[in-house]
């Protein structure tokens, strides 16, 4: 049997580009649906889009410089006293004398205009007043210095440089060299008093240090007229407070009553408040012991 002879087919010509594009689209349409589970499980988790905002440097407002602690005007208490104080209840005239000395001491055109306390700034302040008191009264006697400091705290504790009026004059009127500067002679205006300025500043400002070595608790004491009957930072009953170079009649009486001798030469007695309360007519407010004692 003869089989028919089959001639080979001629090669197919390449389809036009449009046909290829159509075929690609057709094959893509036959792919798995993007909604199918298999497709979802095989997809990688997309990385979330993070938008980072670029912000310029913030200008932090500059804090204002700290306010400097004002230096208290140490002349204010004196000026207020000279302007407003009127001595009252002054039978012996000691307050009037103390006021008169303060007025002269602070007058830049007065009798003391050439003295050391005007040399630095032309004014007199409370530190310089106290330096003169320490120099003319206490000098190198520690217990007298304690008594001077304690009296100032009793009248002016807690008010700093603003001690004025009756409080300041009551303090100054106790000291004879202040009341009668002519009796103290050249000692009243000696420049050596400046050695006491640091102690005077510690006392007025109630700074711990030398002051609290003299009187424990002095840095926190605030004036209290009932200071003897209420708890206080200062042990007032045992604090030196009253001193005098006493009259011989007082010397005998004090020795007999207190059972001890004097504290220094020329019958110098330094009494604590507790002792003063035993020998003075009005608690620790003692009469003038430089004069003869009245029975």
**Asked** Say we look at the stretch 236-254 and pick out the residues that are assigned to a helix (DSSP H, G or I) and touching a strand residue (DSSP E or B) at 6+ places or on another chain (Cβ under 6 Å); which of these is nearest to residue 142 (Cα to Cα)?
**Response** 238
**Residues of the stretch 255-284 satisfying the condition of being at pLDDT below 95, exposed (fewer than 15 other Cβ atoms within 10 Å of the Cβ) and assigned to a loop (DSSP other than H, G, I, E, B)** = 265, 266, 281, 283
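Being loosely packed, with under 14 Cβ neighbours inside 10 Å and either within 18 Å of residue 179 (Cα to Cα) or within 27 Å of the chain's Cα centre (by Cα) (or both) narrows it down to one of 77, 93, so name that one.
Step by step, each of 77, 93 is checked, and only 93 is loosely packed, with under 14 Cβ neighbours inside 10 Å and either within 18 Å of residue 179 (Cα to Cα) or within 27 Å of the chain's Cα centre (by Cα) (or both).
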**Asked** Considering 235, 224, 195, 219, which residue is under 16 Å from residue 145 (Cβ atoms) and within 37 Å of the chain's Cα centre (by Cα)?
**Response** 195
**Asked** Got a sec? Which of 144, 161 is under 25 Å from residue 73 (Cβ atoms) and surrounded by fewer than 22 Cβ atoms within 10 Å (Cβ to Cβ)?
**Response** 161
**Asked** under 17 Å from residue 200 (Cα atoms) and part of a helix (DSSP H, G or I) - does that describe any residue in the stretch 103-115?
**Response** yes
**Complete:** Among 200, 218, 192, the single one that is at pLDDT 95 or above and outside any helix (DSSP H, G or I) is 218
**Request:** Considering only the stretch 105-134, state which residues are in contact (Cβ under 8 Å) with a residue 40 or more places away in the chain and either closer than 22 Å to residue 160 by Cα or surrounded by fewer than 16 Cβ atoms within 10 Å (Cβ to Cβ) (or both).
**Result:** 123, 124, 125, 126, 127, 128, 129, 130, 131, 132, 133, 134
**Message:** Taking the conditions exactly as written (over 23 Å from residue 128 (Cβ atoms), modelled with pLDDT of 95 or more and surrounded by 15 or more Cβ atoms within 10 Å (Cβ to Cβ)), does residue 232 satisfy them or not?
**Reply:** no
**Number of the exception - residue 205 against (1) touching a helix residue (DSSP H, G or I) at 6+ places or on another chain (Cβ under 7 Å); (2) crowded, with 16+ Cβ neighbours inside 10 Å; (3) assigned by TED's automatic domain parsing to the domain that holds residue 125; (4) at pLDDT 95 or above** = (2)
**Asked** Only one residue in 272, 252 is outside the structural domain of residue 137 (by TED's automatic domain parsing), on the phi < 0 side of the Ramachandran plot and without any contact (Cβ under 8 Å) to a residue 24 or more places away in the chain. Which one?
**Response** 252
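The values are calculated or read from the model by the stated rules, or taken from the named source; none is laboratory data. Everything numeric here is computed off the predicted structure, so don't read it as measured data. Ideal geometry is used to build each Cβ from the backbone, glycine not excepted, and the neighbour counts take in all protein chains shown.
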